[in-house]
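These notes are about the structure you will find just below.
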Amino acid sequence: MKVHRLWNGNAPGSLGNDPADIPTLTEVSDERSVNPRPAFVVCPGGGYGGLADYEGGPIAEFLETLGIKGFVLKYRLGPKYHHPAMLDDVNRSIRLVRARSAEFGVEPQRVGVLGFSAGGHLASTAVTYFDSGNATHSDPIERVSSRPDLGMLFYPVITMGPLGHGGSRENLLGKDPPEKLVHALSSERNVSLQTPPCFLFHGADDGIVPIQNSLMFATALAEHRIPFEIHVPEHGQHGFALGEPGSPQDWRQIGQRWLKLHGFAR
């Protein structure tokens, strides 16, 4: 297991030098295969105020069993940090994996992003807010694209409106954010023709992040004719991560099938 700083120096907008000020990417396995592999950046949830360990390492380890290189993102959190720090971190993580693909043994054209809850919101911003890189930048990492090739969102916060999650909204945007910022970070409003294919999984009776979040995002994907798949088990309380084996929340088999469909999983 190796931990990589996203920036050699201070991250943009850094407010100090404590561990909470230093976003990192953890490579859960440093094994190098003969042939380059697809990769995923995993964004744990935690209401933008913490990071749930069970939505990080175990997810990346599961991806490794499918032949996918797994990385776990430690992004900056509220209330110390607000947008755009978190978006800067996830975009940088995707650039870093691509820019150092030869070192990591990764296929640079197959880099996805996956997230849970507030980490699902961060993944949804990654698939809607990205760029092709700055070809003249002095930092070679900034020269490559931050666009993910796939997105996987699990019980994600999507909207910053009334149907979203209040704690995530406050940690991300601060108290009483202007309506323009609320709209800008409501991911259902930001799907474009360049958004990559997405997989969504969300319990119908989620009591913390309402199912309407995933439904709104799926509707936006459909309106833009972006390939997507959505699964809504009748019961699926918030925070089930991988799900108990054989339970309705166990998405591993259908997730593997979808990843295989897109050339990511074996």
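Every read-out reported here was derived from the displayed coordinates using simple, explicitly stated rules and does not represent laboratory data. Model, not experiment: these values are computed from the prediction. Ideal geometry is used to build each Cβ from the backbone, glycine not excepted, and the neighbour counts take in all protein chains shown.
Report the one residue of Gly164, Ala123, Trp251 whose Cα lies farthest in the direction of the positive end of the charge dipole of the chain (charges on C-beta: Lys and Arg +1, Asp and Glu -1; origin at the Cα centre).
Checking the options against the dipole of the chain, the answer is Ala123.
Kindly point out which whole DSSP H helices in the chain project their C-alpha atoms 18 angstrom or further along the helix axis while averaging a Kyte-Doolittle hydropathy of -0.5 or above.
Within the chain the helices that satisfy the rule are 85-99.
Over the chain, calculate the relative contact order: mean separation of alpha carbon pairs under 8 Å at least 6 apart, over the residue count, as a percent.
Computed value for the chain: 16 percent relative contact order.
Go ahead and run the numbers for FRET between Arg225 and Ala204, Cβ-Cβ distance against an R0 of 25 Å, rounding to 0.05.
0.50
Divide, for the chain, the radius of gyration over alpha carbons by 2.2 N^0.38 Å, where N is the residue count.
Compactness ratio reported: 0.93.
Take Lys80 and Arg257, extend 7 Å from each Cα along the Cα→Cβ direction, and tell me the distance between the two endpoints in nm.
Here the answer is 4.4 nm between the modelled labels.
Of all DSSP beta bridges in the range 2-261, what percent run antiparallel (nearest 5)?
Roughly 25 percent of the beta bridges in the range 2-261 run antiparallel, per DSSP.
Report ³J(HN,Hα) in whole Hz for each residue of the range 133-140, in order, from the Karplus equation J = 6.51 cos²θ - 1.76 cosθ + 1.60 where θ = phi - 60°; Gly and Pro get x.
Those phi angles translate into x, 10, 4, 9, 5, 6, 8, x Hz.
As a test of the formula, what do you get for the chain when each DSSP H run with n ≥ 4 contributes -39,500 (n - 2.57) and the sum is divided by the residue count, at 222 nm and rounded to the nearest 500 deg cm²/dmol?
-8000 deg cm²/dmol
Below 8 Å, C-alpha to C-alpha, sequence gap of six or more: please give me the relative contact order for the range 110-266 in percent.
That works out to 21 percent.
Residue separation times 0.36 nm, minus the C-alpha to C-alpha distance between Arg100 and Gln194: what's the value?
31.5 nm
Report the Cα centroid-to-centroid distance between the range 114-150 and the range 38-76 in angstrom, as an integer.
16 Å
With just the Cα atoms defining each centre, how far is the range 1-34 from the range 179-241? Give it in Å.
28 Å
Just give me a number: lysine pairs in the chain, eight or more positions apart or cross-chain, with C-alpha atoms less than 20 Å apart.
4
Please state the charge dipole magnitude for the range 130-249, taken about the Cα centre, from unit charges on C-beta atoms (+1 on K and R, -1 on D and E), reported in debye and rounded to the nearest 20.
Dipole magnitude for the range 130-249 comes out near 280 debye.
Just going by the charge dipole of the chain, with Lys and Arg at +1 and Asp and Glu at -1 on Cβ, which of Leu87, Gln109, Val232 is farthest out on the positive end?
Gln109
Using only the Cα atoms of the range 1-151, what are the Rg and Dmax in Å?
For the range 1-151, the Cα radius of gyration and maximum Cα-Cα distance read 14.1, 43 Å.
Where nothing but the Cβ of Lys and Arg (+1) and of Asp and Glu (-1) is charged, how large is the charge dipole of the range 2-261 around its Cα centre, in debye to the nearest 20?
Computed charge dipole of the range 2-261: roughly 660 debye.
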